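*Asks:* Take a look at the following structure, please.
The values are calculated or read from the model by the stated rules, or taken from the named source; none is laboratory data. Quick caveat: nothing in here was measured; it's all calculated off a predicted structure. Positions of Cβ are generated from backbone atoms using ideal geometry, with glycine treated the same way; all protein chains shown enter the neighbour counts. Surface areas here come from the heavy atoms of the whole protein model, side chains and all, with no ligands, DNA or RNA. Shrake-Rupley method; radii C 1.70, N 1.55, O 1.52, S 1.80 Å.
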Amino acid sequence: LHLCPDPAFLLPAEKRPLPEGFEEGGTVGINLSPMVQHSEKVPGVTIDSYRALIRHILKHTNYRIALIPHVVWKNNDDRMPLQKLYDEFRDSKRVLMIQDHSAEELKGYIARCTLFVGARTHATIAAYASCVPTLVLGYSVKSRGIATDLFGTAEHYVIPVQDLETTNDLVAGFEWLRQNQDQIHAHLVEIMPAYAARARENVQVMMENGEE
């Protein structure tokens, strides 16, 4: 067995013009998926936690919020819960909805966020790879493993949705992220070149083991 970084860390970012209201350096990216909602133990706690988080950001910061879908499959479409949130908060004039784009284009939007809160594994990988401080609402062991690879621990970086009990849990996690964002960004800038280099070696590792 070989421990290898996910090749998604190597996906290039395509930076399209930013939509109106998206301020680079002043926007929190938010991703939510039906999959993570299906894994919650307390019915409705996930969407309620995101509502509480958005209210907190609007009340206590000057950030704008970009709702960013990453998977739009039938019966598993991130746009469904995100559209609900957008409809509830659109009158704030600080919440915008990113529509479906290619993975490279979505990474381009995520890369220009100041902070990112996400549920989809590859949305959070796009943020990590772009050195954006990220809080993951995880639904599987994958998110904890990736965070541990990057930071040596998943504590503070991942909130398992199964452990989400009150709407304050996500808000508290976001506040820790916000208060420590400079150190997290600096850490990702330092380690990401070597981590991405390891991901480039994945094919070579598989070829060598195939020969054995």
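*Asks:* Under 6 Å between Cβ atoms, which residue pairs at least 6 apart in sequence (or on different chains) link something in region 123-137 that is closer than 14 Å to GLU104 by Cβ with a partner that is open to solvent by less than 10 Å² (accessible area, probe 1.4 Å) and assigned to a strand (DSSP E or B)?
*Replies:* From region 123-137, no pairs qualify.
*Asks:* I'm trying to understand the selection: among the residues of region 75-113, which are surrounded by 15 or more Cβ atoms within 10 Å (Cβ to Cβ), without any contact (Cβ under 8 Å) to a residue 40 or more places away in the chain and among the basic types (Lys, Arg)?
*Replies:* If the condition is that a residue be surrounded by 15 or more Cβ atoms within 10 Å (Cβ to Cβ), without any contact (Cβ under 8 Å) to a residue 40 or more places away in the chain and among the basic types (Lys, Arg), then ARG79, LYS84 are the ones that fit.
*Asks:* Inspect region 80-91 for any residue being touching a strand residue (DSSP E or B) at 6+ places or on another chain (Cβ under 7 Å), aromatic (Phe, Trp, Tyr), modelled with pLDDT of 95 or more and assigned to a helix (DSSP H, G or I) and give the result as yes or no.
*Replies:* yes
*Asks:* So, one more: Answer yes or no: is there a residue in region 17-27 that is open to solvent by 10 Å² or more (accessible area, probe 1.4 Å), under 19 Å from the mean Cα position of the chain (by Cα) and of a type in the set (A, V, I, L, M).
*Replies:* Taking every residue of region 17-27 in turn, at least one turns out to be open to solvent by 10 Å² or more (accessible area, probe 1.4 Å), under 19 Å from the mean Cα position of the chain (by Cα) and of a type in the set (A, V, I, L, M).
*Asks:* Report yes if VAL72 is within 17 Å of the chain's Cα centre (by Cα), open to solvent by less than 30 Å² (accessible area, probe 1.4 Å) and among the hydrophobic types (A, V, I, L, M, F, W, C), otherwise no. Before you say what the answer is, go through the steps one by one.
*Replies:* Numbers: within 17 Å of the chain's Cα centre (by Cα): yes; open to solvent by less than 30 Å² (accessible area, probe 1.4 Å): no; among the hydrophobic types (A, V, I, L, M, F, W, C): yes.
No, not satisfied.
*Asks:* Would you be able to say whether some residue in region 30-41 is part of a loop (DSSP other than H, G, I, E, B), open to solvent by 50 Å² or more (accessible area, probe 1.4 Å) and either more than 29 Å from VAL171 (Cβ to Cβ) or free of Cβ contacts under 8 Å to residues at least 12 places away in the same chain (or both)? Step through it out loud before you land on a result.
*Replies:* Step one: list which residues in region 30-41 are part of a loop (DSSP other than H, G, I, E, B), which gives 31-33, 39-41.
Applying the additional criterion that residues be open to solvent by 50 Å² or more (accessible area, probe 1.4 Å) yields 41.
Checking the rest, the ones that are also either more than 29 Å from VAL171 (Cβ to Cβ) or free of Cβ contacts under 8 Å to residues at least 12 places away in the same chain (or both) come to none.
Scanning region 30-41, I find no residue that is part of a loop (DSSP other than H, G, I, E, B), open to solvent by 50 Å² or more (accessible area, probe 1.4 Å) and either more than 29 Å from VAL171 (Cβ to Cβ) or free of Cβ contacts under 8 Å to residues at least 12 places away in the same chain (or both), so the answer is no.
*Asks:* For HIS101, indicate whether it is touching a Lys or Arg at 6+ places or on another chain (Cβ under 8 Å), modelled with pLDDT under 95 and over 22 Å from ALA199 (Cα atoms). It would help to see each step written out before you state the result.
*Replies:* Working: touching a Lys or Arg at 6+ places or on another chain (Cβ under 8 Å): yes; modelled with pLDDT under 95: yes; over 22 Å from ALA199 (Cα atoms): yes.
Yes; evaluated as a whole, the condition is true for this residue.
*Asks:* Further, regarding this structure: Of all residues in region 49-69 being among the small types (Gly, Ala, Ser) and either at pLDDT below 95 or assigned to a helix (DSSP H, G or I) (or both), which is surrounded by the most Cβ atoms within 10 Å (Cβ to Cβ)? Outline the logic, then answer.
*Replies:* Applying the first criterion (among the small types (Gly, Ala, Ser)) to region 49-69 yields 49, 52, 66.
Narrowing the set further to residues that are either at pLDDT below 95 or assigned to a helix (DSSP H, G or I) (or both) leaves 49, 52.
Working: SER49: 27, ALA52: 18.
Only one residue fits best here, namely SER49.
*Asks:* Considering (1) touching a helix residue (DSSP H, G or I) at 6+ places or on another chain (Cβ under 9 Å); (2) among the charged types (D, E, K, R); (3) closer than 21 Å to PHE22 by Cα, say which one ARG112 fails and leave the rest.
*Replies:* (1)
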